[in-house]
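What follows is a single structure, written as structure tokens, with notes after it.
The values are calculated or read from the model by the stated rules, or taken from the named source; none is laboratory data. Here the structure is a predicted model, which means the values were calculated and not measured. Using ideal geometry, Cβ is built from the backbone for each residue, glycine included, and neighbour counts are taken over all protein chains shown.
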Amino acid sequence: MTVIVNPLAGKARHRKRIPALLQQLAGFCTIDQLYTTAQPGDARRISRGLPALAGTVLVVIGGDGTLHDAVNGLQESGNQAVSVGYIPIGTGNDFARAHAIPLQPAQAVTALRHARTQQINVGKAVSPELGTQYFVNNFGIGMDARIVYDTNHSEAKTGLNRLHLGQFAYLMNILKAVSEQRSFSATWQGEQTHVNPHSYLFVFTNHPFLGGGIRLLPDARRDPHRLSLVAVNAAPIRKLLPILVNILQGRADHPRLHIRQRHHFRFATAANEHIQIDGEEFSTPVHVTLTQVPQRFLLPVQA
């Protein structure tokens with residue numbers, strides 16, 4: 001087993017617990033290689049160099065950003081043999097929520113002991129501006145990406161992480177984004193081409209969650225075999241606030257919350273907007289094709 005640890009995940013709030021987690025992990029498996037990341041991209045480089053041998057296991061101890069890097073490295077190298085286990089110690093941990101991985105790290109290690117290899121889909125975004133990016137959670141443009149940008153650059157996030165309340169940093173920036181985000185022109189294609197001069201929020205997602213547990217899809221609409229597009233058009237704030245309340249209540253069924261599900265999307269905008277890919281920051285303009293590809297994970301067996 002290879003283990004990649006990001007001690008700085010979640011603003012290092014679990015750093016002191018990592019030796020205990022490794023000891024717990026070593027109680028039921030052999031750790032052949034242990035790597036510690038120091039900067040973004042390290043996990044991508046490490047996983048890209050793993051051998052494509054049947055039965056190879058990679059365990060990531062970090063946040064969704066570390067998992068994003070590790071999966072990108074495997075996909076870039078075409079390595080379909082490695083199964084990825086995940087111990088969440090980040091801020092958002094949306095991948096763990098979506099796949100029944102316990103959010104408490106020690107419980108996640110216990111769950112990993114009894115996990116089974118499952119092949120699930122992750123997103124793939126290809127564009128001349130961004131190259132090829134794979135995403136385990138979502139690809140967002142507009143309001144969601146603005147919230148991610150504001151949150152990542154917020155001093156409050158550091159303080160909340162120390163209190164183990166990092167997910168609230170995203171919530172704190174929602175109202176700011178609702179009032180400040182402006183409409184932008186975009187073109188997207190699913191079944192047919194749509195030109196939308198009043199775009200406000202576009203999120204292409206593999207599962208219902210973003211921003212540390214905020215639900216964008218009701219369970220009845222979840223489809224693991226297709227990419228989901230969740231879109232909101234610009235409107236006066238009095239019309240946007242009920243949509244926000246609906247999402248925060250975990251319902252995600254407001255009539256102004258538009259949901260489309262396809263195997264293949266195209267999206268383009270020349271507007272000056274933020275982009276987030278699994279919480280990593282990018283920016284427009286962008287002309288992107290979005291699909292899904294299979295990836296092997298070690299996941300709890302759900303009843």
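For every residue, the table says whether it meets (1) buried (at least 19 other Cβ atoms within 10 Å of the Cβ); (2) in contact with a helix residue (DSSP H, G or I) (Cβ under 6 Å, 6 or more places away or on another chain); (3) at pLDDT 95 or above.
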residue	(1), (2), (3)
92	yes, yes, no
104	no, no, yes
125	yes, no, yes
146	yes, yes, no
What pairs come up if the first residue lies in the stretch 280-295 and is within 23 Å of residue 79 (Cα to Cα), the second is β-branched (Val, Ile, Thr) and part of a strand (DSSP E or B), and their beta carbons are under 6 Å apart, counting only those six or more places apart or on different chains?
289/126; 295/122
Answer yes or no: is there a residue in the stretch 2-13 that is surrounded by fewer than 16 Cβ atoms within 10 Å (Cβ to Cβ), at pLDDT below 95 and in a helix (DSSP H, G or I).
yes
Selection from the stretch 172-199 of residues within 23 Å of the chain's Cα centre (by Cα) and either outside any strand (DSSP E or B) or surrounded by fewer than 22 Cβ atoms within 10 Å (Cβ to Cβ) (or both) yields 172, 173, 174, 175, 176, 177, 178, 181, 189, 190
Out of all the residues in the stretch 206-223, is one or more within 19 Å of residue 122 (Cβ to Cβ), of a type in the set (Gly, Ala, Ser) and crowded, with 21+ Cβ neighbours inside 10 Å?
yes
Residue tally, condition farther than 16 Å from residue 190 by Cα and under 14 Å from the mean Cα position of the chain (by Cα), over the stretch 207-239
10
Can you work out which of the residues in the stretch 31-50 that are surrounded by fewer than 18 Cβ atoms within 10 Å (Cβ to Cβ) and of a type in the set (A, V, I, L, M, F, W, C) is nearest to residue 282 (Cα to Cα)?
38
Pairs please, first residue from the stretch 226-255 and at pLDDT 95 or above, second anywhere and assigned to a helix (DSSP H, G or I), Cβ atoms under 7 Å, 6+ apart in sequence or on different chains.
232/243
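Among the residues in the stretch 26-49, are any part of a strand (DSSP E or B), out of contact with any Gly (no Cβ under 8 Å at 6 or more places or on another chain), modelled with pLDDT of 95 or more and among the polar types (S, T, N, Q)?
yes
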